[in-house]
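The values are calculated or read from the model by the stated rules, or taken from the named source; none is laboratory data. Predicted model, so just to flag it, every value in this text is computed and none were measured. A quick note on method: Cβ atoms are made from the backbone with ideal geometry, for glycine too, and the neighbour counts reach across all protein chains shown. Side chains included, ligands, DNA and RNA excluded: accessible areas come from the protein's heavy atoms. Shrake-Rupley method; radii C 1.70, N 1.55, O 1.52, S 1.80 Å.
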Amino acid sequence: MPFYLGKRPQGDLVRFHSPTTPTKASHGHLYTSVTGPFKSKVGASYYARYGQNNPALCTPDDVEEAARTDPRMEQAFIEESLSAEERSIALECDALDQFEYSPKPILQGAFPCPIHLNANV
């Protein structure tokens, strides 16, 4: 399923996927404009972060190739290759990390992660 970037009225970009090509009727209530399609989440993320003002990125293939050769996207490649179980565990760890650093709890019944790093080494 192709991925798209929707620009919200606040100016930020939101990555989403859609089985059909987004139109003003189907997505206009959510976004002021839509860019895409992109071949992967990695390609869409790369374009949102680094490619918006790059005139060399004209096609989905251009974006995909640039994303796959850019070392800044290594984490995105790792996430893309995770199984459903591994992704679930990673999301749980992210939620615990966010809870630890957030002034307000984001999950009911959340508990702090028992692993702490000593930064005073």
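If I ask for residues that are surrounded by 12 or more Cβ atoms within 10 Å (Cβ to Cβ) and modelled with pLDDT of 85 or more, which ones from region 53-81 would you list? So that I can check it myself, show each step before the final result.
So in region 53-81, the residues surrounded by 12 or more Cβ atoms within 10 Å (Cβ to Cβ) come out as 54, 57, 60, 62-68, 70, 73, 76-77, 79-80.
Matches in region 53-81: 54, 57, 60, 62, 63, 64, 65, 66, 67, 68, 70, 73.
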### Query
Which pairs do you get when a residue that is under 24 Å from residue 49 (Cα atoms), found in region 14-31, comes within reach of a residue that is open to solvent by 100 Å² or more (accessible area, probe 1.4 Å), reach meaning Cβ atoms under 6 angstrom, with the pair 6+ apart or on two chains?
17/1; 19/1
### Message
Cβ contacts < 6 Å: first residue of a type in the set (Ser, Thr, Tyr), restricted to region 42-54; second residue in a helix (DSSP H, G or I), any location; separation 6+ or different chain. Result?
### Response
45/76; 46/67; 46/73; 47/63
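Looking at region 7-26, which of its residues are within 12 Å of residue 38 (Cβ to Cβ) and not hydroxyl-bearing (Ser, Thr, Tyr)? Don't jump to the end; show me each part of the working.
Step one: of region 7-26, the residues within 12 Å of residue 38 (Cβ to Cβ) are 13, 15-18.
Result: 13, 15, 16, 17.
If you scan region 21-76, which residues turn out to be among the hydrophobic types (A, V, I, L, M, F, W, C), more than 16 Å from the chain's Cα centre (by Cα), closer than 28 Å to residue 94 by Cα and outside any helix (DSSP H, G or I)? Don't jump to the end; show me each part of the working.
If we filter region 21-76 for residues that are among the hydrophobic types (A, V, I, L, M, F, W, C), which is where we start, we get 25, 30, 34, 38, 42, 44, 48, 56-58, 63, 66-67, 73, 76.
From what's left, more than 16 Å from the chain's Cα centre (by Cα): 25, 30, 56-58, 66.
Restricting the remaining residues to those that are closer than 28 Å to residue 94 by Cα gives 30, 66.
Hit for region 21-76 is 30, nothing else.
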### Query
Does residue 84 satisfy being crowded, with 16+ Cβ neighbours inside 10 Å and not aromatic (Phe, Trp, Tyr)?
no
### Summary
Picked from region 31-52 (must be out of contact with any Asp or Glu (no Cβ under 9 Å at 6 or more places or on another chain) and open to solvent by 80 Å² or more (accessible area, probe 1.4 Å)), the residue nearest to residue 72 (Cα to Cα) is 49
